[in-house]
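Structure first, commentary second.
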Amino acid sequence: MNSIIFLQNLYLLQYVNNPASLQAEKIHTVFNYFYWAAAGMLLLVVFLVVYICIRFQQKKGDNNQPVRTIYSNKLEALMIGVPVLLLAFFFYETVSTMNAVSPPVPTNREPDVIITGHQWWWEVDYPNAHVVTSNEVHLPVGKHLLMQMRSADVVHDWWVPELGNKMDLVPNHPNYLWLNINKPGKYTGACSEFCGAQHAWMRISVIAQDENDFNKWLAQNAKAAMPPGDTLAKTGAELFQSKTCASCHRIQGTAATSNVGPDLTHIASRHMLLTGLMKNSEENLYKWISHPQEIKPGAHMPDFNMNKDSVKAIVHYLEQLK
Ligand code: CUA
C-alpha cells in the first residue's frame, strides 16, 4: 500500500514546476530559493572535498608536518555568519509566503466553493449558485476564490500541484484555501492523505475556465436533471428511484436527494467516472453498476446483482443526464 502512495505522489511531481495560480507561483519561488541554495551548497562541498584531496596530498619526499591552524576568527565568523544569514533569509521568505498564500479568512467572507471529501470521491458545492456536483471541479480564472474544505468521514488531503498548497479535509473542522487561478486549463491532483482502500483512486480534476465559460457551465448545472427522453430511459429512471440507487445519490429535480454517494444530476457531462478511474461511457458505467466491488474494491456501493436489462436501462437513463 505504501508503494502506491509513494508512486502516486511521484506522479504528481511532474506538475510542480508549472504553477498556474498566484499561490502556486509564490510557493514555486520559495521552492526555487531552497533548491538553488541546496544545489549550490552541494556543489561547493563536493568541489572542496575533491580540491583539498588533490591540492593538499602528501608529496614524495616531503615528510614535514603540515602547519596547524588552531583558531581562526575569520573562519568562525564565516561558518556562523553565512548559515545565520541564509536561515534568516529563508525564514523571512517562508513566513511571508505563508502569509501571502493563506491569509486569515475574514469572519463575514462566505466560501465560493465547498469541497467535501468522502471515501472515495469529492463533493463540490457552489453555495451561491445552489449547484452541487462531484469529482470534476470547475473554477473560474482570475477570481479571488475562497474554498472551504470539509470531510464527511476521515481525513483527506487536497493537492493540485499546479494550483498551490495542500490542504487537509478534517471531519468537523473546516479548513480554507485561497485560490487565484491564472490560466484556463485542466489541472490534475489527488488525495494526499491515506484514507482507506481506494485512496489511490481519489483523483482530483480541476477545470479552470474563463468567467464566461464558467458561468455557462454553472447555469447549465443549476438546472434540474433532464426528464428521461425515451422509454428505455423512463424505465431506467423508475428503476433508479425504486432500487436503492435513490437512497444514496442525488438527482436534482427528482425524489433522489441523498449525498451518501456522488451527485448524478449532470453525470453525462463529466469526462471521467469514479474519481478518475475510468472514462465516462455507457460501457464503463455498465461495468461499474454491474460489479462495483470488482471495479473499485471497498467502495461504499455494494453489488446489487441486478439483471442485465435493468442495469442497461439505468445506464441509458444516466448517460442522458447532460
Ligand atoms: Cu481521500 Cu486519500
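Structural remarks
- Selection status of residue 130, surrounded by fewer than 14 Cβ atoms within 10 Å (Cβ to Cβ), more than 16 Å from the ligand (Cβ to nearest atom), touching a residue at least 12 places away in the same chain (Cβ under 8 Å) and within 20 Å of residue 217 (Cα to Cα): yes
- Residue match in the stretch 155-164 (condition: surrounded by fewer than 18 Cβ atoms within 10 Å (Cβ to Cβ) and out of contact with any helix residue (DSSP H, G or I) (no Cβ under 6 Å at 6 or more places or on another chain)): yes
- Residue 246 vs. criteria in a helix (DSSP H, G or I) and away from the ligand (no atom under 16 Å from the Cβ): yes
- Screening residue 147 with (1) among the aliphatic types (A, V, I, L, M); (2) assigned to a strand (DSSP E or B); (3) within 15 Å of the ligand (Cβ to nearest atom) gives one miss only, at (3).
- Per-region count, the stretch 284-322, residues under 25 Å from residue 117 (Cα atoms), touching a helix residue (DSSP H, G or I) at 6+ places or on another chain (Cβ under 6 Å) and in a loop (DSSP other than H, G, I, E, B): 6
- Search result, residues across the stretch 183-197 that are assigned to a loop (DSSP other than H, G, I, E, B), farther than 12 Å from residue 117 by Cβ and either modelled with pLDDT of 95 or more or within 16 Å of the ligand (Cβ to nearest atom) (or both): 184, 194, 197
- Residue check for residue 300: under 13 Å from residue 318 (Cβ atoms), in contact with a Gly (Cβ under 9 Å, 6 or more places away or on another chain) and not polar (S, T, N, Q): no
- For the condition surrounded by 21 or more Cβ atoms within 10 Å (Cβ to Cβ) and at pLDDT 85 or above, residue 249 qualifies.
The values are calculated or read from the model by the stated rules, or taken from the named source; none is laboratory data. Quick caveat: nothing in here was measured; it's all calculated off a predicted structure. So basically every Cβ, Gly included, is an ideal-geometry build from the backbone, and we count neighbours across all protein chains shown.
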